[in-house]
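Please read the structure below before turning to the comments.
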Amino acid sequence: MEAVAEGLWGLADYHEKEGEIAKSIKCLEAICQSHDSFLPIIEVKTRLRLATLLLKHTHNANHAKSHLERSQLLLKSIPSCFDLKCRTFSLLSQCYHLVGAIHRQKQILHKALDLAASANSDVSANLWACNFNSQLANALIIEGDCSSALSVLESGYASATQLYYPQLQMFFATSILHVHLMQWPDDNLVQSALHRCDEIWGSLSPDKSATQHVDKLDAAMKADLQKMREIQRLSNELNAISQSLSRSDLPNRERLLLSTKQAHLQDQITSLSAFSSFLEQPLEPAYFGNASRAWQDKLFLAPPPVDGEWLPKSAVYSLVDLMVVVFGRPRGLFKECAKRIQSGIQTIQGELAKLGINEGVREVDVQHSSIWMAGVYLILLMQLLENNVAMELTRSEFVAAQQTLLRMKDLFVRFPTILQGCESVIELLRGQYAHYVGCYSGAAFHFIEAAKMTESKSVQAMCHIYAAISHFCCGDAESLAQALDLIGPVYRMKDSYVGVREEANVHFVYGLLLVRQNDYEEARNLSLYLLCRTKLAKGLQIAHTSTGNLQLISQYLTILGHLALSLHDTIQAREILRSALTLAKKLYDVPTQIWVLSVLKDLYQGLGEVGNQMENDEYQKKKSDELQRKIADAQSSIHHLELIELSRFKVIDMKRGVAASQSMSANLDIPESVGLWTTQPGSSSSRLLDVDSRRRPKRR
């Protein structure tokens, strides 16, 4: 009977490679349904193979679960077979995850961890422990048990440490940081988790910056894409040759030549397929999400059995596009960013379509087995769209930003539970849009509402900075007092923030408000000006060395130029302001250009440079007219009032809880947000932009 089983296994492999999944399943079911008895080990391997096929190529998670539960019963009577038992536990855990049986998933994973602990601490046992701990931590986070999830992740980190595998250590370290960010129990715990990530990061490539890592990842992605295109080209050629060889009237000489070429093409494809050896593993773990993906669509970022628990290749490609945008947008690389945003969006839309998610589909319509992967792609899509809004507002393309923001709103309304962590980001972007088009009081409202939607102290601080600037731009004494009331507590806590963006921006805003307050006083305080200059210089250094944000640097230079002019240092003021204007032009940042030009006007008037002043006034008027025209276009849209309305977006459809995706709602560091500006008379130091909108999800 063993020979019969091996024959059916081989036939099933053949049909799977040909894409005939139904025939492959029939071959394997023939073993399970046979009236003749097979050895238990044969039945176990067959059912595992069946479950893997069902998870990879169908939505029938319950059928796969039945096969795995039967395999588990059979394995209880077999004393050895450690690897088979672990594979069964892993796949069964994924099935329970897909059908929403989280309690059963936790039970099976605890049994799996007991099995891994009972084995010798070899490579295989530690890798399986990493696998089970990662799945168990996810299940615990779904239930909101963050403290238990942290304990499990620490166990996974210990296993990865025993393996001396820094990449796997980084996976658990960043997961621990993520849970702390969701929970935010104590600033010291967050700082400690971040410090551990920094240490591991340094051990991976101590001489490389984050940008260099992104460049390396981007190059690897492009190389992989090129390789897959070449494999596809060779496969098409091979198929054409195979079709020609199937002709019965083909001359022998020509058949011989084609057969030789066929063998050569097969060798080329094999050599290009770096991961072809994985095809020899019939019990390869399936991905979460149950999407149909051939082996060519996988990126093996860790050794088996952990490899099956990572993102699919399309998600990784979109993530790389997002990271390129994150690092490129603050540096003004808008052309490349726009290309990457569109590339990522197109990739994600294609994957969502495979999951049955097209225009009009809502959360309640998504199959439960598809929710996990849908959440991955929807979160990535929202982050790409957020960056697009930021880029368009920076370039004063308000209509384009408006359309993208409405698209984000539509996604949130359709998928309110999956995207619940994005609600505060959408509200914050509404505030930024309102501020850009001159609705300052409305902008302050949306910023305060965004702060209420998150429990992250850091994000709340950033929202209060935005609201302070909006009040500041209103121009009256009462609004200035409100701005100071908001920024004071934030400034006093500046040393407690984990990120450098918070510190860089709070220095800028605080200095800006102090300068404005001093400008209003009849007897200007020289020592206060000097203090402001010191604080702004410190913030500028942070912005330059740690964030590389040209927009924020341009604004720092503008306010420092204003200070230099107030201190009658016209030579330094001219040099600083020219640098600020150059950066603002590079970014197509019209409001900042207008701000710089207004300070230059004061400089030229003070020096009596009539020619420079006339040229400056002409260019300033041109830019002001351009800006007002773009604002008028945005205000004429039927959606303008909807975006600036003083209320949250209403979500009607909240029938279904999709907690499986909640834990992914904010695991990426979203880049700086967009500009804040004012055209109040005499307000040459009146604009802040590009403050960080790093977000974290609400407590669950």
Check: For His97, what accessible area in Å² do you get when you roll a 1.4 Å probe over the heavy atoms of the protein chains, rounding to the nearest 10?
Finding: 10 Å²
Check: So how do 69-81, 140-152 stack up, highest first, on mean other-Cβ count within 10 Å?
Finding: 140-152, 69-81
Notebook entry, point to check: If r is the Cβ-Cβ distance from Leu189 to Val364 and R0 is 41 Å, what FRET efficiency results, to the nearest 0.05?
Noted result: 0.65
Next item on the list: Return the ratio Rg/(2.2 N^0.38 Å) for the stretch 1-145, where Rg is computed over Cα atoms only.
Entry: 1.09
Check: When the solvent-accessible surface of protein heavy atoms is calculated with a 1.4 angstrom probe, in what order do Arg501, Arg331, Arg629 fall, highest first?
Finding: Arg629, Arg331, Arg501
Margin query: Give me the base-10 log of I(q)/I(0) for the stretch 317-469 at each q in 0.19 Å⁻¹, Debye formula, one uniform scatterer per Cα, rounded to two decimals.
Written below: -1.23
Next item on the list: Could you name the lysines whose alpha carbon sits less than 18 Å from that of Lys17, not counting residues in the same chain fewer than 8 places away?
Entry: Lys26, Lys56, Lys298
Margin query: Give me the net charge for the shell around Pro489: Cβ to Cβ below 14 angstrom, other residues only, Lys and Arg +1, Asp and Glu -1.
Written below: 0
Next item on the list: Just tell me which lysines come within less than 26 Å, Cα to Cα, of Lys623; anything on the same chain fewer than 8 places away is out.
Entry: Lys335, Lys585, Lys586, Lys601
Next item on the list: Mind ranking Tyr466, Tyr619, Tyr604, Tyr164 by accessible surface for me, highest first, 1.4 Å probe?
Entry: Tyr164, Tyr619, Tyr604, Tyr466
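The values are calculated or read from the model by the stated rules, or taken from the named source; none is laboratory data. Since this is a predicted model, take the numbers as computed values, not measurements. Here the Cβ is made from the backbone with ideal geometry for all residues, glycine too, and neighbour counts use every protein chain on show. Side chains are part of the model used for accessible areas, which takes the heavy atoms of the whole protein and leaves out ligands, DNA and RNA. Shrake-Rupley method; radii C 1.70, N 1.55, O 1.52, S 1.80 Å.
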